[in-house]
Structure formats: C-alpha cells, structure tokens
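Single-structure report; data block below.
The numbers here are math on the coordinates, done by the rules we state, and not lab data. Remember, predicted model here, so these are calculated numbers, not experimental data. Neighbour counts run over all protein chains shown; Cβ positions are idealised from the backbone, glycine included.
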Amino acid sequence: KLWMLQTRSGKRTAKSAVKIAVDMVKEKLISKKEAVLRIDPNSLDTLLHPTLDEKSSINVIANGLPASPGAASGKVVFTSEEAERLTAMMQDTILVRVETSPEDIQGMHAAKGILTARGGMTSHAAVVARGMGRPCVSGSSEIDINYENKSFKTSSMEIKEGDVITIDGSTGRIIAGSVSTVKPEISGDFSKLMSWADSFRKLKVRTNSETPKDTKTAKDFGAEGIGLCRTEHMFFDEERILSVREMILSKTKEDRAIALQKLLPHQRKDFIDIFKIMSGLPVTVRLLDPPLHEFLPRTEKEINEVASIVNLPVKEVESRIEELHEQNPMLGHRGCRLGISFPEIYEMQCKAIFEALAQVKKSNFKSAFPEIMIPLVSTEAEIKIMKDLVIRTASQVQQEHKLKIEFLVGTMIELPRAAIKAKEIAKHAEFFSFGTNDLTQTTFGISRDDSGKFLNDYLENKIFSVDPFVSIDEGVSDLIEIAVTKGRKQNRNLKLGICGEHGGDPLSISFCANIGLNYISCSPYRVPVARLAAAQAELKKNF
C-alpha cells in the first residue's frame, strides 16, 4: 500500500506557473477554466517588468512601500534636472525625492526608478510611476533626505548623490549598489492563457492613460478603451506648465483667455493622438481636476519665470500665490468647483476634445468615442450646469465643422454625498465612474499621502485586514453599491465603471464583477492582471 503523508503546492515562478497550466490543458489533465483559476493575477507583474536576480548578493539598507513593480539600479539624483542631464549622458539614475510633484515629471521620465520618503500607494509618485511602468518605492520613512547636502541617511549608512542604489518596486526594498536584473519574457503560453481568460470574463478592462506612449502600451496589453484620461497630467512638461501657471495666477477672464489659448493646441494634439490609437474604443476624459497647489510655482526661479510671462512684479505674483494657498487643497478649489468658478477652462478643454474628434474624422481615421467626465460632483445642480456647458461647446464645434459629434457626459463618484444622492445625479449623467482613491480618502477622512505613518499600526492591530488604498474597504463598497442601485433605478442604461487604483487589484475586481459594473480601469501595466482577475471573478461565481 502507498500512503500519501503530506502534500504542498509546488513553488514556481509566474512564468513556470503559466507554462505548467497551459501544458496541462494540452495534455487534457485540466480544463481551460481550471488553468485560468490556477494563476495568481498579481504574479503576472513579474512577467511584465524586470525582476531582481535573487542569486546576486543583496544588501538591503531600508524598506518602503512597493508602489510600482519592477527593479532598477542607478546613480542617486535629487533633482529632475540632474536625472535628465545624466540620462542624456547614457547614465542610469534613481530619482530620490521627499515626495514628487508635477515639476518632477521630466525627471521621472528620465530616471530608471523613483524613491520617495513620503506618500502612500496612491501618492503622485506611485500613480505616475505605475502609469509609466517605472519601478517605485514610496513612503520610506526609513530614509532621511537632505537636499542641501545631496544625500540621504538610513539606519546603517549614508548615500550621496552619484552613489549607486537598486530599488525593488515589487517588495519595497532599497538596496546598496547595483544588482543584476532578469528581463521579462512574455511567451506564447502567456498569450494563450490571456485569450482563455478573455473568453470567460464579462467585465471590460480599460486603462488610466493620458499620453500616446502609455495608451499604446495599454492597448498592446489588451486594454479595451481608456477609463480615465487625467487632463491635468497633460500639462506637466516645462512649456505647458508655464501656461497653466499663467492661467491659474490670472485675475481677469481676459488674462485667463490668453493663457488658455496657448494651451488649446497642445490639448487638441494630445487628443488627436490618443483618439487615433484608441480607434473605435471609448475614451473617458476627465476635465481638469488639479489641487491648484500642485501647479503653483515654488522656487524663486519659477516665480520669476511666471512674473515675466504675466508681466507682473514678483511681489504681486507672490501675493497671488499666497492668496491661492489652501489649508487642505485636496478638499479645496478643484474639480467641478473650478469649472463653476472659471467655466472658460472647461470650455477650452471641451473645445480641444471636440475639435480633435472633428480632425480625426476628416482625416478618415476611425476615431475613439469620447466620454466627458465631470470630476468631484456632489450635487445635482453641479452636474446639470457642467453638462449644459459641454453640450453647448459641442454644438458650437459641430456648427463650425459641419459634422455630427457623438459623446457621453458623466461624472466621477468620489464623494460620499455623490454616492448617497446618486439618483438625482443620474438624471443628468450617462455614466458613473467610481474614483475610489478619493472616495476612500473622503469616506475614512484619511489622507492617502500621509497615511503611511500609521497604516502599519492599524494592520498590525487588525483594525484593517488590508490597506484600504490597495483593496476596496467594505464601507466604501457599501457606498458604491448604494450609488449603483440608486443610479440604475433612475437610469437603467447608466454605464458603470471604476477608475481608481483599485481597478488593478484582484480583490476589488471581484467585488466589481459581483455588483455588475460594466468595466474597470487600471494602470497600463496592470491590464493583464485585471483581465485575468476579471475572468477568475466570473468563474468563481459558478462555484
């Protein structure tokens, strides 16, 4: 007699797990459904990004949050300018900042990886890095950065600018020196498994993207549209940010119009490129939603540049910056509140969208289908006023170009009041997209950028079983269900999606499938993860 005393799952890499599952289907040992269910969606990240060669000698000097997967080595730099300078000289860099802001975008593009001392999993650094496919370790309270001395200290050593470090965005490790990496290999087995997953899932998978490069990457990974195009991210390069600052600091409508006229062609070209890539697919464009402080000039050089452009004394510009300062900008003058105060800003953006659509159509390209998203709505009146503005602008462009423009107008549900009053809001919205980053913030009253200081204590004390910024919390999910029920009661054709960072989390995707959302949207490099997780959610319904 043969007795089996003990068994355990065989340890295997993601690549091996995919190969084993596909081979077992070929050999008729398991079904395609079983093969799809056997793969951990989160493990697919290692197939899409470089990973550390664990055979190498590794000296971990600090840890942070695994904010964006992948591994990278490079020289430490503390400014975007230095990252760009060294990259131009073919040298790899790791951009180290206390926290990142829009001014750092060029350096983030130039660097091989990003490390921050502050910020959570949905901080500026984390979200932008994931969109770019850059490794990022955020919220590392174990490092003490000194910009003046161009160095940072850990409990065991001091790292100076120019020293080489390695970051592992999949585990949050910060490592001294260079560590070799293993390049990802996407095999035919991977494509086969993904095609099986697509045959089972009902949830559509879109991407969060606002650049042609990210849009193409996401489409190559199987994205079925754009679920969140953050227009404020289009203004980060040096030339545009000056015009944005000019717009923000303008005191009169006439001055704002001059700045907006400079931004219009840039916006239009961005949309033309994106609409062409997403041929025939939906593109949800969120109108401007910046906490204004992110765009205000900070350094003396930046203030002087803006003063020169707006033709005002430096003192007056500084006074205006002080005037615009907000104690809590994430809950301040942003989203549709900006559109109510300065409708000309949203008019310019809608004009850019519809003119881009007209140009693509006239060029005989198959265009994407635009869905205009009004951000931070909490009342019926806000969505009504903003929808009227969108329709009015579309009508003007239609008359000018003598063609019919088709589009949807909807809103982002990111405030508890919006979820509770969803029935009234749905009278004027053709879609709801749940912005779960902000909905989690506003439900808990927790800042996602500062929560890293105490979230571990909450996890250790089992107050939270999982970080609510990683997987949707049950209180937040209750609000989403309320909004879904009330919204569909008012408008049964209401399209429903999710575009927060939770859109790439398998647990959250399972919840979205169970309550009958139409789509999820996530960072480009999370699209395969979402496709597999959506298939598994559907298959598990039948078990």
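Partners of residue 453 within straight-line reach, counting lysines whose Cα lies under 19 Å from its Cα and excluding those fewer than 8 residues away in the same chain: 153, 462.
Can you flag which of 160/219; 366/427; 26/202 are past 29 Å Cα-Cα? Long pairs (Cα-Cα over 29 Å): 160/219; 366/427. For segment 335-483, the Kirkwood hydrodynamic radius from C-alpha pairs, put into Stokes-Einstein at 37 °C and a viscosity of 0.692 mPa s, yields a diffusion coefficient of 190 µm² per second. With the helix formula -39500 (n - 2.57) applied to DSSP H stretches of n ≥ 4, the chain reaches a computed 222 nm mean residue ellipticity of -13500 deg cm²/dmol. Looking at segment 175-205, the trypsin sites (Lys or Arg not before Pro) that sit in a DSSP loop and have at most 14 other Cβ atoms within 10 Å of their own Cβ are 202. Peptides 495-502, 81-88, 454-461 ranked from most to least packed, by the mean per-residue count of other Cβ atoms within 10 Å: 495-502, 81-88, 454-461. Shape class for segment 46-188, computed from the alpha carbon gyration tensor (a ≥ b ≥ c): rounded, with a/c under 1.5. With contacts taken as Cα pairs under 8 Å and at least 6 residues apart, the chain reaches a relative contact order of 16 percent.
So if I place +1 on the C-beta of Lys and Arg and -1 on the C-beta of Asp and Glu, and nothing else carries charge, what would the dipole magnitude of the chain be about its Cα centre? I want it in debye, nearest 20.
2700
Under 17 Å of direct C-alpha separation, and excluding same-chain neighbours fewer than eight residues apart, residue 11 reaches these lysines: 19, 55. Taking the Cβ-Cβ separation of residue 29 and residue 54 as r and a Förster radius of 30 Å, what is the calculated FRET efficiency to the nearest 0.05? Working from the Cβ atoms, E equals 0.50. Taking θ as phi - 60° and the Karplus parameters 6.51, -1.76 and 1.60, the scalar couplings of segment 404-419 work out to 8, 10, 9, 6, 10, 10, x, 9, 9, 8, 9, 10, x, 4, 5, 5 Hz in sequence order, x denoting glycine and proline. Pairs spanning more than 30 Å between alpha-carbon atoms, out of 213/540; 15/216; 192/216: 213/540.
Note on residue 301: lysines with a C-alpha under 16 Å away, same-chain residues under 8 apart excluded, are 315. Taking the DSSP beta bridges with both ends in the chain, the antiparallel portion is around 40 percent. Each residue of segment 288-301 is assigned a 3J(HN,Hα), and the resulting list reads 3, 9, x, x, 4, 4, 5, 9, 6, x, 10, 7, 4, 4 Hz, derived from the Karplus form 6.51 cos²θ - 1.76 cosθ + 1.60 (θ = phi - 60°), x at Gly and Pro. With Cα atoms as the point set, segment 160-315 shows a radius of gyration and Dmax of 21.3, 63 Å. Residues of segment 90-126 with an amide N closer than 15 Å to a point placed 7 Å from the Cα of residue 141 along the Cα-to-Cβ direction: 117-121. Think of each Lys and Arg Cβ as +1 and each Asp and Glu Cβ as -1; about the Cα centre, that makes the dipole of segment 282-353 roughly 260 debye.
Taking the Cα centre of segment 384-543 as the origin and placing charges on Cβ (Lys, Arg +1; Asp, Glu -1), which of 493, 470, 535 is farthest toward the positive end of the dipole? Farthest towards the positive pole: 493.
Does segment 462-532 come out rounded, prolate or oblate by the C-alpha gyration tensor, with a ≥ b ≥ c the root eigenvalues, rounded set by a/c under 1.5 and, if not, prolate when a/b is larger than b/c and oblate if not? Oblate, since a/c reaches 1.5 and b/c is not below a/b.
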